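What follows is a set of notes on a single structure, which appears directly below.
Read the figures in this text as sums done on the coordinates, not as results from a lab. Small disclaimer: the values here were computed from a predicted structure and weren't measured. Backbone-built Cβ (ideal geometry, glycine too); neighbour counts: all protein chains shown.
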2 protein chains.
Amino acid sequence: MAETSPDDALPLYFRLFNEIGIIEQLSRALLEAQLPAGMLVSHFSVLNHLIRVKDGRTPLELARAFQMPKTTMTHTLGGLHKHQLVETRPNPEDKRSKCIWITDAGRAFREDAIAAMAPDMGELAAHMEAGIAQDLVSKLTDLRIYLDESRIAKTRLRE
Amino acid sequence: MAETSPDDALPLYFRLFNEIGIIEQLSRALLEAQLPAGMLVSHFSVLNHLIRVKDGRTPLELARAFQMPKTTMTHTLGGLHKHQLVETRPNPEDKRSKCIWITDAGRAFREDAIAAMAPDMGELAAHMEAGIAQDLVSKLTDLRIYLDESRIAKTRLRE
DNA sequence: TGATTTAAGTTCTATATCGTACTAATTGAT
DNA sequence: ATCAATTAGTACGATATAGAACTTAAATCA
């Protein structure tokens, strides 16, 4: 949820999350504008994860990595499967389960999306120094880890 | 869309938006966990805007402030209206339009939500120094303004 | 003034998200 | 070994988001 003119009177930490919410919305729109119709950031993110971390993951492992309900992951994987961007193989260690592998088309899709974003990222890089971006990433990573590990983020447990 | 272990090899600016996406998801869950059942961050945000900026706004002005489609705002306002947290009056300057005013119940709802978040915010404040939060807010505000004003964020125009 | 175009809001429809409940397989206890 | 409890994944239902098209009023223009 985004609003464009956060009031300076808002307590500092509210403002922090408010800005983060706005930027999330803008950046998601930005990425999705570069994706083929019907493809969402969720699809890109899963493909990205399969490459960056490792493919052959189970749907449940993926759902946990993204802290989303497994039913949502079922749905997202359905979309990826329909476009043949991932393929499914049985899990040799658990017959209830299955493993998700990225296809060549999936790799190409991800690379195309990244390439399509490159100009925008370059424009941003020209506007925001790498040092500032690095500092932001560092502090935001600390915040994310805190939220992820602290009691307060456990309010809504999943699974 | 969130994943818990961003790869250091990801280009810096991708990682920035990735962290922001994760934190947005966590913080939204955090706030919604404090709201009564059925109430969403979107409802809180609109009430917050009506107080912080000004009430008596039209739905379209609100939709633009939040950069969301007006149909979504119609839906969100419907929920607020159903709970009598806002009320609608005719727009004296335009008979097609109407103005949205927050009710006393709406003010109370917003205050309660903020009070309910206070412990979590306090815990965060104890973990992250105000100076760091201030620095984050400052840099993120710059980034938000850049995205909001730059050509690249105009990719998806709304109404 | 009357006709056309633009704008505000809603309705209708599609779909992404996510909770509940189910099926099937695994684990654990005895 | 058997049966209970747990776990992986799915099906289904509810609802938030958002695009298309519609209604009504306003603005523009001849």
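Overview of results
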item: Lys/Arg +1, Asp/Glu -1 at C-beta; chain A dipole; positive extreme among A:Ile145, A:Val86, A:Ala105; result: A:Val86
item: Whole-number percent relative contact order across chain A, with pairs defined as alpha carbons under 8 Å at least 6 apart; result: 18 percent
item: Pairwise label distance in nanometres, B:Arg52 with A:Asp94, each label 7 Å out on the Cα-Cβ vector; result: 4.2 nm
item: Shortest-first nm distances, B:Thr74 label point to equivalent points in other copies (7 Å, Cα→Cβ); result: 3.3
item: 222 nm mean residue ellipticity, helices alone, for the protein assembly as shown (DSSP H n ≥ 4; -39,500 (n - 2.57); rounded to 500); result: -21000 deg cm²/dmol
item: Between helix A:104-127 and chain A: long-axis angle, C-alpha atoms, 0 to 90°, nearest 10; result: 10 degrees
item: Rg(Cα) / (2.2 N^0.38 Å) computed for chain A, rounded to two decimals; result: 1.20
item: DSSP-loop trypsin sites (Lys or Arg not before Pro) across segment B:38-90, with at most 10 other Cβ within 10 angstrom; result: B:Lys54
item: Distance (nanometres) between label positions extended 7 Å along Cα→Cβ at B:Ala116 and A:Ala108; result: 4.9 nm
item: Loop-located trypsin sites (Lys or Arg not before Pro) in segment B:89-145, at most 10 other Cβ atoms within 10 Å (DSSP); result: B:Lys95, B:Arg96
item: Axis-nearest residue in chain A [Cβ, rotation onto B], distance in whole Å; result: A:Glu24, 2
item: Cα centre as origin, Lys/Arg/Asp/Glu Cβ charges: the protein assembly as shown dipole, Debye; result: 1200 debye
item: Mean projected area in nm² (Cα convex hull; one quarter of hull surface) for the protein assembly as shown; result: 17.5 nm²
item: Label 7 Å beyond Cα on the Cβ vector: B:Pro119 copy-to-copy distances, nm; result: 5.1
item: Computed magnitude of the charge dipole of segment A:12-152 (debye, nearest 20; Cβ of K, R +1, Cβ of D, E -1); result: 720 debye
item: GNM result for chain A, Cα springs below 10 Å: residue of A:Glu32, A:Glu129, A:Glu24 fluctuating most strongly; result: A:Glu129
